[in-house]
Amino acid sequence: MKNKGQSIFEIVLAVGFISIVLFALVSLMVQTQRNTSSSKNRADGSRLVQEASEWLRSERDADWGAFYGRTAGNATWCLNNLNWTSSTACAGNMTDKPFRREVNFTRDGADPNTVRADVLVRWSDSQGNHEIRAATHFTNWRGR
């Protein structure tokens, strides 16, 4: 008499193989999602740095005296909302975003018509702490 059907060993082996394949697929999807999120945050951070640099440029062009006055003592300003309301490092994140944006000013002691601005955007996610930084030298180009 011939036995028909599957043995318990074959069933366990098939379930094990299917489990390994499903685990690999889920792991791949999770890693893809993590990479997508990281890339999006990096792109958003770069955009926020550029946005702050452009805003600072417009502030410089509007009134060099006021702009230069805000840089006294190598000042740090929180620019989460792109205004001059907080002259301290950022304690919290931007509204509805995981980012903190600030600018650190350094005056050139030899040249009162030049200011260096380091714009920083920081955030944390499941992969750790991240930062994007850009340095710009602002000059009083109208007063030269």
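The values are calculated or read from the model by the stated rules, or taken from the named source; none is laboratory data. Please read all numbers here as calculations on a predicted model, not as lab measurements. Every residue, glycine among them, receives a Cβ derived from its backbone with ideal geometry; neighbour counts consider all protein chains shown.
Consider the stretch 62-105. How many of its residues are in a strand (DSSP E or B) and of a type in the set (Val, Ile, Thr)?
Here the count works out to 2.
Looking at this structure, is residue 106 over 17 Å from residue 45 (Cβ atoms) and either out of contact with any helix residue (DSSP H, G or I) (no Cβ under 8 Å at 6 or more places or on another chain) or modelled with pLDDT under 90 (or both)? Yes. When the stretch 28-87 is filtered for residues that are within 16 Å of residue 119 (Cα to Cα) and acidic (Asp, Glu), the ones remaining, listed by number, are 44, 51, 54, 59.
Of all the criteria given as (1) at pLDDT below 90; (2) surrounded by 12 or more Cβ atoms within 10 Å (Cβ to Cβ); (3) not aromatic (Phe, Trp, Tyr); (4) not in a helix (DSSP H, G or I), the one not satisfied by residue 122 is (1). Got at least one residue in the stretch 109-118 being among the hydroxyl-bearing types (Ser, Thr, Tyr) and either at pLDDT 95 or above or surrounded by fewer than 11 Cβ atoms within 10 Å (Cβ to Cβ) (or both)? For the stretch 109-118, residues among the hydroxyl-bearing types (Ser, Thr, Tyr) and either at pLDDT 95 or above or surrounded by fewer than 11 Cβ atoms within 10 Å (Cβ to Cβ) (or both): absent. Every listed requirement among (1) over 23 Å from residue 40 (Cα atoms); (2) within 20 Å of the chain's Cα centre (by Cα); (3) modelled with pLDDT of 90 or more; (4) not basic (Lys, Arg) is met by residue 88 save one, (3). Remark: residue 99 falls outside the filter, which requires a residue to be more than 28 Å from residue 35 (Cβ to Cβ) and among the aromatic types (Phe, Trp, Tyr). Can you name the condition, by its number, that residue 49 falls short on among (1) out of contact with any Leu (no Cβ under 9 Å at 6 or more places or on another chain); (2) modelled with pLDDT of 90 or more? It fails just one condition, (1). Within the stretch 125-144, the residues that satisfy the criterion of being assigned to a strand (DSSP E or B), free of Cβ contacts under 8 Å to residues at least 40 places away in the same chain and over 20 Å from residue 44 (Cα atoms) are 137, 139.
Within the stretch 58-103, the set of residues being among the aliphatic types (A, V, I, L, M) and surrounded by 12 or more Cβ atoms within 10 Å (Cβ to Cβ) comprises 75, 79, 82, 89, 94, 103. Close contacts from the stretch 47-60, counting a first residue that is more than 13 Å from residue 103 (Cα to Cα) and a second that is part of a helix (DSSP H, G or I), with Cβ to Cβ under 7 Å and a gap of 6+ residues or different chains, come to 59/67; 60/67. Residues being without any contact (Cβ under 8 Å) to a residue 12 or more places away in the chain, acidic (Asp, Glu) and under 19 Å from residue 47 (Cα atoms) are represented in the stretch 94-102 by at least one member.
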